[in-house]
Amino acid sequence: MSAPSMGDLSAAVTALASLTVRFPDLPGVAVRITTVYPDQLELAAHDDLSAFEAWREALGIDPEDLVHGVQSGGTTRVLDAHTVFMGAQVRLIGFAKIPAHVASLDVAA
């Protein structure tokens, strides 16, 4: 099996280029395009769930389709959503710290 070519990344790259043109005022997020998932564009908002929410709305992702989780021993909230945009799979991820007093309440429950 041959390694993916740059052409194999075209759906994700095209989607990213289109998003920057359509939504130039949305908050900047971490962007990831990889040969592991060549048709996927990953957008990640770190420590800013308002940025995640702005992108979720712009991409038309229903709040009911969000997957919520925690990581790092219950100290980080993770929101994960998926959609298709211009032929690319788009994964939107939001990370936010859970305040210590809230995290300790979750552990005690």
Take Asp39 and decide whether it is part of a strand (DSSP E or B) and charged (D, E, K, R). yes
Does segment 73-94 hold any residues that are in contact with an Asp or Glu (Cβ under 9 Å, 6 or more places away or on another chain) and modelled with pLDDT under 95, and which are they? Gly74, Gly87
Can you find a residue in segment 2-24 that is open to solvent by 80 Å² or more (accessible area, probe 1.4 Å), more than 12 Å from the chain's Cα centre (by Cα) and at positive phi? no
Among the residues of segment 57-82, write down those that are surrounded by 17 or more Cβ atoms within 10 Å (Cβ to Cβ) and under 16 Å from Ser18 (Cα atoms). Leu59
Selection from segment 95-109 of residues open to solvent by 80 Å² or more (accessible area, probe 1.4 Å) and either modelled with pLDDT of 95 or more or in a strand (DSSP E or B) (or both) yields Lys97
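To keep it simple, each residue is scored yes or no on (1) closer than 18 Å to Asp80 by Cβ; (2) modelled with pLDDT of 95 or more; (3) touching a Phe, Trp or Tyr at 6+ places or on another chain (Cβ under 9 Å); (4) acidic (Asp, Glu).
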{"residue": "Pro4", "(1), (2), (3), (4)": "no, no, no, no"}
{"residue": "Ala11", "(1), (2), (3), (4)": "no, yes, no, no"}
{"residue": "Gly28", "(1), (2), (3), (4)": "no, yes, no, no"}
{"residue": "Glu42", "(1), (2), (3), (4)": "yes, yes, no, yes"}
{"residue": "Asp47", "(1), (2), (3), (4)": "yes, no, yes, yes"}
{"residue": "Phe52", "(1), (2), (3), (4)": "yes, yes, yes, no"}
{"residue": "Trp55", "(1), (2), (3), (4)": "yes, yes, yes, no"}
{"residue": "Leu59", "(1), (2), (3), (4)": "yes, yes, yes, no"}
{"residue": "Gly69", "(1), (2), (3), (4)": "yes, no, no, no"}
Name the single residue, out of those in segment 25-50 being of a type in the set (Val, Ile, Thr) and either without any contact (Cβ under 8 Å) to a residue 24 or more places away in the chain or closer than 22 Å to Val78 by Cα (or both), that is surrounded by the fewest Cβ atoms within 10 Å (Cβ to Cβ). Val36
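The values are calculated or read from the model by the stated rules, or taken from the named source; none is laboratory data. All figures in this text were calculated on a predicted structure; none of them were measured in a lab. Every residue, glycine among them, receives a Cβ derived from its backbone with ideal geometry; neighbour counts consider all protein chains shown. In case anyone asks, the SASA skips ligands and DNA or RNA and just uses the protein heavy atoms, side chains included. Shrake-Rupley method; radii C 1.70, N 1.55, O 1.52, S 1.80 Å.
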